[in-house]
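Every number in this text was worked out from the coordinates using simple rules, so none of it is lab data. Given the structure is predicted, the values throughout are model-derived calculations rather than measurements. Please note: Cβ atoms are built from the backbone with ideal geometry, for glycine as well, and neighbour counts cover all protein chains shown.
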Amino acid sequence: MKVLPLLFLSLASVCAQTDYPPPPEATPRDGVPKGELIKFDFDRSRIFPGTTRAVTVYVPRQYDGTKPACLYVNQDGLQWKADVVFDNMLAKGELPVLIGVFVMHGRVKALDEKAALDRFNRSLEYDGLGPDYARFLIEELLPEVEKKTTSDGRKIILSKAAADRAIGGSSSGAICAFTAAWERPDSFSRVFSNVGTFVSLRGGDRYPGLIRKYEPKALRVFQVDGSNDNNIYGGDWWMANQMMDRALTFSGYDHWSIWGDGGHNGKHGTAVFPDAMRFLWTGWPTPVKAGASQNRMLNEILVPGEDWVQVWEGGKFTEGPASSANGEVFFNDIPNSKTYKIAADGKVSEFVGDSKRANGMAFGPDGRLFVAATGDEKILSYDAEGRATEVASGIKANDLVALHNGNLYITEPSSDPKAPSKIWLIKADGSKRVVDTGLKFTNGITASPDQTLLYVAESRSHWVWSYQIQPDGSLRHKQRYFWLHEADTADDSGADGMDVDADGRLYVATRIGVQVCDQAGRVNVILPTPNGKVSNVAIGGPNQNTLFVTAGDKVFQRKLKVRAAQSYQAPIKPKAPGL
């Protein structure tokens, strides 16, 4: 069955009414096959330990149990008279054959219900950003649903394709639905949101800004809200939903927002639910596609149609990509103490260099590859044949940058307050000294294209610091400068490796992806990686226009419109930033 585009004529009259009566599809009809409702409690979650919740599974008569069905998940249980709506719409061929999973939020039951209350997990599970609830559905609840059978013995088989999966809810259940799809667009691509709680309860007010900065995801969204929605301590729901609408429009998402004058309830959502389903499933089984963003920096750096490409997999944890003048790129497999080379033709081979727990890497102006050999507490350099020379010892180095004048700057992170993190300078004459201390776990390090500013990632905060490099190599005018976004699952950005392009943009590896900042210190773009991991970045390759990232046990690359500013080459003065 293929759902075709519809005109949705009923919405104009629905939105003008304040009582929002249920739609015709929500009334049972004679002769329409009725689906079966399977109910059970789920109390074996590891992600939300100790919780129990009621689950209702809708299985239509049209489902024969022999092939995967499409899926609709709804928070806060069975809403919208959805079982009746599905019966009627399926009978008319307006929806693909789908199974509905209606799940309540979790509760941790009190040990003595006469003396204590349950712990209610609704806000925790629904209002917070991050992947936990999506993981709960994908890894725990939906596999449990697939263990059930209908009364006549049909097995429940759910499609795993994002194109076949929708998710929805109301209020906190709505932001929960959006978050699940946002975090896992590989599992959910269609979202129904009624009076969504995109306000400041647990960070939902951040979404409009994030949507504008992230590379667009393959999601289709249907929003409902009314002018009499909540306006309380957490924010203004009516305005927040309009901000979501404008952000989705700005970023090219396939979405439809229906406005009315209703309050914070499910009346309007119930009234438009059939049309929401028609819109969300329009064009099925064709997958939802990501749209074109109006984000200027995003369009300045990304090549249309060019996506991430995996170039290596193996080992356990990769780090420190560095690009040479001839286009070769080197990276380390830290646990196995191996260094690999990506040739200009894309072939990967093992480099003869060997150092314990090799971490950050950088090329110098004479073509040598400098390596932070953390396990050896040394800085080593390698020539083209892989012969090693000790540059310095006694440094538990993490990352480093080599400037055109021969100076090396190195981060030595520490979690010990009695031995704070350090920034080292090794001059071209071999002398070394500490030029700053005290940052919260110094990590990635790079220089501005004109090589007058040094940028240092403070991994255990949300800052990248900026220093002015003095003629003698010392650092002055230390400032928290680049403000980074943090993952909801962490208390810091986890900022790691960094690089700059010739126009002065800073690329920072963080927990949520590669954050790209302008010279004024503001994140303009966020590029998630295919596996959700990134530890270091480098721009290089044969044409100096490819972004390489080390990501767990993988290395990815992506062609860009911009070119690298290699610190080992002569300084470049970029144009001034817009302020």
**Residue among 179, 404, 277 farthest towards the positive dipole end of the chain, charges placed on Cβ** = 404
**Prompt:** How do the peptides 414-426, 184-196 rank, highest first, by the average count of neighbouring beta carbon atoms within 10 Å per residue?
**Reply:** 184-196, 414-426
**Message:** If the only charges are +1 at each Lys and Arg Cβ and -1 at each Asp and Glu Cβ, what is the size of the charge dipole of region 202-345 around the Cα centre, to the nearest 20 debye?
**Reply:** 180
**Request:** Calculate, in nm to one decimal, what residue 309 and residue 120 gain on full extension: separation in residues at 0.36 nm each, minus their alpha carbon distance.
**Result:** 63.7 nm
**Request:** Divide by every residue of the chain the summed helix terms, -39500 (n - 2.57) for each DSSP H run of at least 4, and state the resulting mean residue ellipticity at 222 nm, rounded to the nearest 500 deg cm²/dmol.
**Result:** -4000 deg cm²/dmol
**Label-point gap, in nm, between residue 483 and residue 576 - each point 7 angstrom along Cα→Cβ** = 2.3
**Asked** How far apart, in nm, are the 7 Å Cα→Cβ label points at residue 468 and residue 343?
**Response** 4.8
**Request:** Please sort 284-292, 530-538 by packing, taking for each peptide the average over its residues of neighbouring beta carbons within 10 angstrom, highest first.
**Result:** 530-538, 284-292
**Request:** Please check which bits of region 537-579 a label hung off residue 294 would reach, taking the label as a point 7 Å along Cα-to-C-beta and the cut-off as backbone N under 17 Å.
**Result:** none
**Complete:** By the mean-Cβ-within-10 Å protection proxy, highest first, 550-563, 496-509, 375-388 rank as 496-509, 550-563, 375-388
**Prompt:** Pulled fully out, how much extra length does the chain show between residue 350 and residue 563, if you take 0.36 nm times their separation in residues and subtract their Cα-Cα distance?
**Reply:** 74.0 nm
**Asked** Can you give the net charge of the other residues whose Cβ lies under 11 Å from the Cβ of residue 271, counting K and R as +1 and D and E as -1?
**Response** -1
**Prompt:** If r is the Cβ-Cβ distance from residue 27 to residue 491 and R0 is 41 Å, what FRET efficiency results, to the nearest 0.05?
**Reply:** 0.20
**Item:** Gap separating the Cα centres of region 83-106 and region 170-203, nearest whole Å
**Value:** 19
**Prompt:** What is the magnitude of the charge dipole of region 27-115 about its Cα centre, with +1 placed on the Cβ of each Lys and Arg, -1 on the Cβ of each Asp and Glu, and no other charges, expressed in debye to the nearest 20?
**Reply:** 140
**Message:** List the pairs from 155/533; 478/561; 81/160; 39/289 whose alpha-carbon separation is above 29 Å, in the order I gave them.
**Reply:** 155/533; 478/561; 39/289
**Request:** Give the label of the value calculated from the structure for Rg and Dmax of the Cα atoms in Å, choosing from (i) 24.0, 77; (ii) 27.1, 90; (iii) 25.9, 86.
**Result:** (ii)
**Prompt:** Where the centroid of each part is defined by its Cα atoms, how far is region 462-518 from region 309-382 in Å?
**Reply:** 22
**Message:** If I model a spin label at residue 155 and residue 450 as a point 7 Å from the Cα along the Cα→Cβ vector, what separation in nanometres do I get?
**Reply:** 6.7
**Prompt:** Using a simple charge model, +1 on the beta-carbon of Lys and Arg, -1 on the beta-carbon of Asp and Glu, nothing else, what dipole does region 406-466 show about its Cα centre, in debye to the nearest 20?
**Reply:** 180
**Prompt:** Could you name the lysines in cross-link range of residue 396, using Cα to Cα under 16 Å and dropping any fewer than eight places away on the same chain?
**Reply:** 356, 378, 418, 422, 432, 440
**Request:** Taking a cut-off of 16 Å between Cα atoms, list the aspartates and glutamates near residue 267, but don't count ones fewer than 8 places away on the same chain.
**Result:** 19, 25, 76, 225, 229, 275
**Asked** Can you give me the relative contact order of region 161-234 as a percent, contacts being Cα pairs under 8 Å and 6 or more apart?
**Response** 31
**Asked** At a Förster distance of 25 Å, what's the computed FRET efficiency of residue 148 paired with residue 110, Cβ-Cβ distance as r, to 0.05?
**Response** 0.30
**For the chain: relative contact order, % (alpha-carbon pairs under 8 angstrom, 6 or more apart)** = 10
**Item:** FRET E, pair residue 206, residue 387, Förster distance 51 Å, beta-carbon r, rounded to 0.05
**Value:** 0.50
